[in-house]
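Structure first, then comments.
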Amino acid sequence: MQNNITYQIIHDNQKLLCFVGIGDISKTLYSCLKNQQASEMITVEDLKLKDQDWINNRQFIVASSDVKFKIDITRYLEKFQAHFFSIVSTATELGPLAKIGHGTCVQSYNSVWLGKIQIGNHVMIGVHNAIGHDIVIEDYSHVSHHSFLSQCTIKQGCVIGTRVDIVPATLGQQLVIPEFCNILSRSRISSSLPTSGTWYDKRQVSEDTSLTHRIL
């Protein structure tokens with residue numbers, strides 16, 4: 001059952017875990033963590049009524065696929081010098097060279113193993129993904145489920161749909177996805193994309209970015 005999943009808490013300052021927002025991802029993670037460590041969930045509206053002392057007594061995560069929402073809320077909290085914790089499912093394979101930023105969640109049954117892997121701040125990684133061979137996933141990005149990412153740099157704020165393959169056609173080449181791109185489900189990308197926007201394979205569907213159009 002989902003509630004039996006446990007998480008390693010990274011960047012933990014031992015204070016109360018606070019999940020900001022009441023979306024499905026936040027609710028699910030809170031239900032898993034509340035029996036592991038003292039936790040609470042709060043709406044954005046209630047958060048903005050709290051003072052500095054209240055924030056000082058907590059550590060935060062904003063678990064959402066909405067890039068603009070994550071940026072707005074984390075930057076609001078940063079004004080109060082809030083501390084952000086990260087969580088990695090114990091059912092995920094995490095390699096010795098993998099680095100995880102603050103406010104990031106890596107869910108279950110992922111292989112984050114081979115080569116240097118750098119996952120930034122406020123990143124969400126879904127389930128059943130294979131991530132390896134010199135990967136950079138920058139801040140605020142979201143990787144959904146059942147994807148294969150290799151030898152690529154995912155710039156900040158990108159949203160990667162379900163069952164996406166991002167693998168360069170040439171071994172040793174580093175493929176780049178520009179910032180705030182949406183990559184639609186079942187896309188296969190084998191070379192760098194030229195500009196931000198919403199993409200299916202190598203075809204730009206629209207100029208909308210993850211800041212203006214949600215795909216998840």
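Below is a table of values for the structure above.
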quantity: Matching residues, the stretch 126-146, being over 18 Å from PRO178 (Cβ atoms) and either open to solvent by less than 30 Å² (accessible area, probe 1.4 Å) or aliphatic (A, V, I, L, M) (or both); calculated: GLY126, VAL127, ASN129, ALA130, ILE131, GLY132, SER144
quantity: Selection count where residues are touching a residue at least 24 places away in the same chain (Cβ under 8 Å) and either in a strand (DSSP E or B) or within 20 Å of ILE154 (Cα to Cα) (or both), scope the stretch 34-61; calculated: 6
quantity: Lone unmet requirement of (1) in contact (Cβ under 8 Å) with a residue 60 or more places away in the chain; (2) farther than 30 Å from ASP134 by Cβ; (3) among the hydrophobic types (A, V, I, L, M, F, W, C) for ILE10; calculated: (2)
quantity: Residue that is among the β-branched types (Val, Ile, Thr), under 17 Å from ILE22 (Cα atoms) and either modelled with pLDDT of 95 or more or crowded, with 18+ Cβ neighbours inside 10 Å (or both), where the choices are VAL123, VAL62, VAL106; calculated: VAL62
quantity: When residues of the stretch 122-140 are limited to those that are part of a loop (DSSP other than H, G, I, E, B) and in contact (Cβ under 8 Å) with a residue 40 or more places away in the chain, the one nearest to ALA63 (Cα to Cα); calculated: HIS122
quantity: The stretch 201-210 - residue that is open to solvent by 70 Å² or more (accessible area, probe 1.4 Å) and not in a strand (DSSP E or B) and, of those, modelled with the lowest pLDDT; calculated: LYS202
quantity: Qualifying position, being charged (D, E, K, R) and farther than 16 Å from HIS102 by Cα, among LYS70, LYS48; calculated: LYS48
quantity: Every residue from the stretch 154-177 that is open to solvent by 20 Å² or more (accessible area, probe 1.4 Å) and either over 19 Å from GLY115 (Cα atoms) or not in a loop (DSSP other than H, G, I, E, B) (or both); calculated: GLN156, THR162, ARG163, ASP165, VAL176
quantity: Members of the stretch 1-11 that are surrounded by fewer than 15 Cβ atoms within 10 Å (Cβ to Cβ) and in a loop (DSSP other than H, G, I, E, B); calculated: MET1
quantity: Top-ranked residue of the stretch 67-97 - restricted to ones that are over 22 Å from ILE135 (Cα atoms), of a type outside the set (Lys, Arg) and without any contact (Cβ under 8 Å) to a residue 40 or more places away in the chain, ranked as surrounded by the most Cβ atoms within 10 Å (Cβ to Cβ); calculated: ALA82
quantity: Answer residue from the stretch 12-33, given it is over 16 Å from ARG58 (Cβ atoms) and in a loop (DSSP other than H, G, I, E, B) and is most open to solvent (accessible area, probe 1.4 Å) among those; calculated: ILE22
quantity: Hits in the stretch 178-198 (condition: among the small types (Gly, Ala, Ser) and either in contact with a Cys (Cβ under 9 Å, 6 or more places away or on another chain) or surrounded by fewer than 19 Cβ atoms within 10 Å (Cβ to Cβ) (or both)); calculated: SER185, SER190, SER191, SER192, SER196, GLY197
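The values are calculated or read from the model by the stated rules, or taken from the named source; none is laboratory data. Quantities reported herein were computed from a predicted structural model and do not represent experimental measurements. Methodologically, a virtual Cβ is constructed for each residue, glycine included, from the backbone with ideal geometry; neighbour enumeration extends over all protein chains shown. Keep in mind that these areas ignore ligands, DNA and RNA; they rest on the heavy atoms of the full protein, side chains included. Shrake-Rupley method; radii C 1.70, N 1.55, O 1.52, S 1.80 Å.
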